[in-house]
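This report concerns only the one structure given below.
The values are calculated or read from the model by the stated rules, or taken from the named source; none is laboratory data. Owing to the predicted nature of the structure, the values given are computational and were not obtained by experimental measurement. Glycine also receives a Cβ, built like all others from the backbone with ideal geometry; neighbour counts cover every protein chain displayed.
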């Protein structure tokens with residue numbers, strides 16, 4: 001395992017296999033929170049933080065709890081419980097330790113439990129048999145990819161507020177069409193990294 | 001009866017409520033995958049609604065969400081194991097989106113908004129209607145994507161080593177494939193255009209009911225928020 005491999009893994013999670021635009025994970029918040037730039041940034045940071053942390057914790061739970069007892073088939077239940085309690089814990093810790101950070105990230109944290117990117121990353125880590133370092137790096141890269149897509153989308157949607165759009169396409173439909181075009185652009189990165 | 005039909009048209013989870021979009025976009029490359037995902041979701045939604053409705057009397061309000069999630073996750077595990085055992089080809093095609101049914105907002109949304117407040121019979125009907133609405137949307141989306149992207153309509157499933165059903169082939173479209181439709185961009189474009197079409201059939205514009213938009217505005221109003229999410 002080298003620095004190069006780690007950097008490639010991050011780049012692949014951000015560009016080639018972007019969680020939102022290529023893997024369709026986390027579409028609900030991507031459409032729901034991309035109306036304003038500052039809330040998009042807040043959501044992106046919160047998701048990146050929780051994704052990294054939950055990748056580490058779910059890896060540990062899988063390796064040291066589920067595998068020794070041979071109950072891997074319970075991984076979905078175990079992971080979602082771990083993620084839900086982790087999110088709650090992070091929320092409480094941030095609230096106590098840094099009220100200013102809580103003010104900017106706090107309102108997004110409760111929503112992250114139902115963000116499929118978090119459970120998706122945990123499941124992919126197990127499927128690809130990543131070790132602890134790779135899992136955490138992959139979670140972090142996936143979070144960055146989500147943040148990038150969300151911020152780009154929010155910037156575009158803020159501009160679209162003032163543009164003339166056919167009445168029937170206003171709101172969510174045009175957001176999906178924009179996402180389609182962004183996804184098309186991101187397909188240009190395919191071939192950058194061979195997996 | 002209203003409980004049943006509401007989910008199919010008036011409050012279609014995908015086109016109106018904007019819930020459960022991740023699996024919708026991801027698995028709709030073939031019609032059969034759309035049907036498979038729809039059936040899997042239907043099973044989970046039906047039984048999760050039933051169980052949540054049955055236990056609604058004695059679930060403490062503060063920890064209801066984690067309890068609902070555990071109920072849902074149990075049924076998802078059943079679906080996951082059954083698919084892997086009996087229809088492995090379908091399990092491969094749907095991939096990680098089977099475990100991700102747990103975080104499909106349609107299911108948690110219905111458990112929270114309907115089943116936790118209504119009687120079992122009504123909740124079962126609601127779950128069934130929502131699931132049918134979800135499945136119809138998946139079939140519609142995969143119909144356009146597959147027919148334009150590969151020129152076929154796959155209605156074939158491998159069960160116990162035998163292939164059941166057929167693959168409808170359209171020679172002209174098979175010669176002139178729009179490959180982009182089965183790649184990720186095609187999913188976004190098709191869904192956006194279909195939503196636009198359904199908007200054009202209605203008088204009033206869509207109420208924005210995306211759970212994230214709703215909650216962020218709701219939370220921003222209340223500033224403090226702590227009820228177990």
Among helices (runs of 4 or more DSSP H) entirely within region B:1-75, at least 3 residues that are more than 15 Å from residue B:110 (Cβ to Cβ) occur in B:21-27, B:31-54
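When region B:155-174 is examined, which residues are found to be part of a loop (DSSP other than H, G, I, E, B) and at pLDDT 80 or above?
B:170
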Would region B:185-193 turn up any residue that is more than 9 Å from every other protein chain (Cβ to nearest Cβ) and either under 30 Å from residue A:187 (Cα atoms) or in contact with a helix residue (DSSP H, G or I) (Cβ under 8 Å, 6 or more places away or on another chain) (or both)? no
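What about residue A:144, is it crowded, with 18+ Cβ neighbours inside 10 Å, at pLDDT 90 or above, within 13 Å of chain B (Cβ to nearest Cβ) and part of a helix (DSSP H, G or I)?
Here the answer is no, as residue A:144 does not meet what is asked.
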If residue B:96 meets every condition in (1) surrounded by fewer than 21 Cβ atoms within 10 Å (Cβ to Cβ); (2) within 15 Å of the chain's Cα centre (by Cα); (3) in contact (Cβ under 8 Å) with a residue 12 or more places away in the chain apart from one, which number is that one? (3)
When region A:159-192 is examined, which residues are found to be more than 9 Å from chain B (Cβ to nearest Cβ) and farther than 30 Å from residue A:8 by Cα? A:159, A:160, A:161, A:162, A:163, A:164, A:165
Residues of region A:20-34 being under 21 Å from residue A:101 (Cα atoms) and either assigned to a helix (DSSP H, G or I) or more than 7 Å from chain B (Cβ to nearest Cβ) (or both), which ones? A:29, A:34
Here is a check on your reading of the model: is residue A:114 touching a residue at least 40 places away in the same chain (Cβ under 8 Å), assigned to a loop (DSSP other than H, G, I, E, B) and out of contact with any strand residue (DSSP E or B) (no Cβ under 7 Å at 6 or more places or on another chain)? yes
Would it be correct to say that residue A:53 is under 16 Å from the mean Cα position of the chain (by Cα) and at pLDDT 90 or above? yes
For region A:112-128, state whether one or more residues are under 17 Å from the mean Cα position of the chain (by Cα), surrounded by fewer than 22 Cβ atoms within 10 Å (Cβ to Cβ) and over 30 Å from residue B:67 (Cβ atoms). no
Could we say that residue A:76 is under 23 Å from residue A:64 (Cβ atoms) and touching a helix residue (DSSP H, G or I) at 6+ places or on another chain (Cβ under 6 Å) here? yes
Can you pull out the helices (runs of 4 or more DSSP H) entirely within region B:79-154 that have at least 3 residues that are over 15 Å from residue B:49 (Cβ atoms)? B:88-94, B:120-149
Which residues, taken from region A:172-195, are over 16 Å from residue B:180 (Cα atoms) and surrounded by fewer than 17 Cβ atoms within 10 Å (Cβ to Cβ)? A:191, A:192, A:193, A:194, A:195
